[in-house]
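**Q** The following block contains the structure, expressed as structure tokens.
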Amino acid sequence: MKQITPLFLLVFAIIACNDLPVGEDELNARGDFDIQEILLPRYSTLTEFNRYFTVGSSRNLAIGKNDDYESRILLDFAFPDTTYTGLDEIKLILRRNLNLDEDTLVFSVHLLSGAFEEAVVNWYQRTNNEWWDSAGGDFTGDSLCCVTIVHDSVVVYFNNSQFADIQAAQGIILIPQDTGFVYFNAKESGVSPEFVIIKNEDETSFALAGDAYIITGPEPFYIENWIGSGFPFRNYAKFVFDSLLLDKKAVFAELTFAVEERFAYRDTIEIGIKQLLEPIDDFNTSIGPFIALDKYALSDTLITIDVVKHVQHLIDHPDSNFGFFIILSPENYDVAYLKIRDGSHTLKVGYIEPPKERAE
């Protein structure tokens, strides 16, 4: 008879004592667990949005407009208090984000007549305590120039007089003059807009003090179901927690909904779920970290999200069922939305009885 090695005994002990949760596939393979399914009743769905949302920390600068949106770019450079004369070349360089589709677009450049705070500015508000006199920015009526965006990089040229005006202003604003959207890299991307002057072949570049895009967009009726970024929408969903699940183990939980309209300049999107930490009040209701986040094709008409962590949390803490937000992530990256078909939200849960404790 062969002697049982210590290594074999160690491996056997690890397998026999393993009490980690078992996945659905493994349960079905073993055939010794009965998975039950339940469809949780839908309690409520609705949309919250924030027209005062700021996108100053975005990696992108969005400019464009259509029937639903308009987005403008704000730039502020740190110019020294110096008078420049006889410059050979004065230019603003904007580099496009090549990961996003683009249109051919014409924009005008105007001087800002009011300062803005990058971390606060939006379509209506320019600083923490001050509002634009006119929504969308306060700027001079006459444009410095008009530019057509057709290449990966756009160079805007100015003359000496215009440069003196830019130095004296509170920044500049780029305003779309026709339909379509284009995305330039913001300073957070590592490839920021650049203002350059050249004299006698000496080149001077000025630091970007602040950049942001400001946007206005559609305001859906609250009982509609939208998710969006740029001008952000959060879709609230709550399901009735069934007491049948108490003391059970959630094996899977699938949130499913149908998409009936979409708009974006990319092929894939990220959709996430964040759990509410208190009863819903508005867009800024307290929420926890992502409990689910995954990529989907923009063309997908049916979205399925794994929310088993959320359901297991409800099983363990049934008094925490405040619902959750369905969110496009990041919410400041670009201008995009999905409109969800009303009544299409479902939450299917698979569960098992908790395993009996193994004898020691």
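The numbers here are math on the coordinates, done by the rules we state, and not lab data. Everything quoted here is computed from the prediction, not taken from an experiment. Note that we place each Cβ from the backbone using ideal geometry, even for glycine, and neighbour counts take in every protein chain shown.
**Q** Hey, can you grab everything whose amide H is under 5 Å from the amide H of residue 287? Only 5+ residues off in sequence or another chain; H modelled, so Pro and N-termini drop out.
**A** Distant-sequence amide H within range of residue 287: 277.
**Q** Quote the relative contact order of the chain in percent (integer), defining contacts as alpha-carbon pairs under 8 Å separated by 6+ residues. Working shown, then result.
**A** Numbers: 838 pairs, mean separation 92.0, N = 360.
This gives 26 percent for the chain.
**Q** Something else now. Give, as a single signed number, the net charge of other residues whose beta carbon lies under 13 Å from the beta carbon of residue 197, with Lys and Arg counted +1 and Asp and Glu -1.
**A** Working: positive: 91, 199; negative: 88, 89, 194, 201, 202, 203.
In short, -4.
**Q** Which entry in (1) 12; (2) 33; (3) 21 matches percent of Cα pairs over 40 Å apart derived from the coordinates of this structure?
**A** (2)
**Q** Under a 5 Å amide H to amide H cut-off, with H placed in plane at 1.01 Å, what residues pair with residue 253 once short-range neighbours are removed?
**A** Here the answer is 307, 308, 350, since their amide H atoms fall under 5 Å of that of residue 253.
**Q** Could you rank the peptides 108-116, 236-244 by their average count of other C-beta atoms within 10 Å per residue, with the highest value first?
**A** Working: 108-116: 19.3, 236-244: 17.0.
Ranked from most to least packed, the peptides come out as 108-116, 236-244.
**Q** What are the DSSP H helices in the chain that stretch 15 Å or more along their long axis, judged by alpha-carbon atoms, and whose average Kyte-Doolittle hydropathy comes to at least -0.5? Display every interim value, and only then the final one.
**A** Working: long enough: 6-17 (17 Å, 2.89).
Within the chain the helices that satisfy the rule are 6-17.
**Q** While we're on this one: Given the peptides 185-194, 331-340, 143-152, arrange them by the average over their residues of other C-beta atoms within 10 Å, most packed first. Intermediate results must be reported in sequence, preceding the final value.
**A** Working: 185-194: 17.8, 331-340: 23.6, 143-152: 14.9.
Final packing ranking: 331-340, 185-194, 143-152.
**Q** Output the peptides 294-300, 124-130, 311-317 sorted from most to least packed, where packing is the average of other Cβ atoms within 10 Å over each peptide's residues. Before the final figure, lay out each step's value.
**A** Details: 294-300: 12.7, 124-130: 14.3, 311-317: 17.9.
Those peptides, ordered most packed to least, come out 311-317, 124-130, 294-300.
**Q** If you don't mind, there's one more thing I want to ask. Convert each backbone phi in segment 117-133 into a coupling constant with the Karplus relation 6.51 cos²θ - 1.76 cosθ + 1.60 (shift: θ = phi - 60°), then list the ³J(HN,Hα) values in order as whole Hz, x for Gly and Pro.
**A** 9, 4, 6, 10, 4, 8, 4, 10, 10, 9, 9, 5, 10, 10, 10, 4, 5
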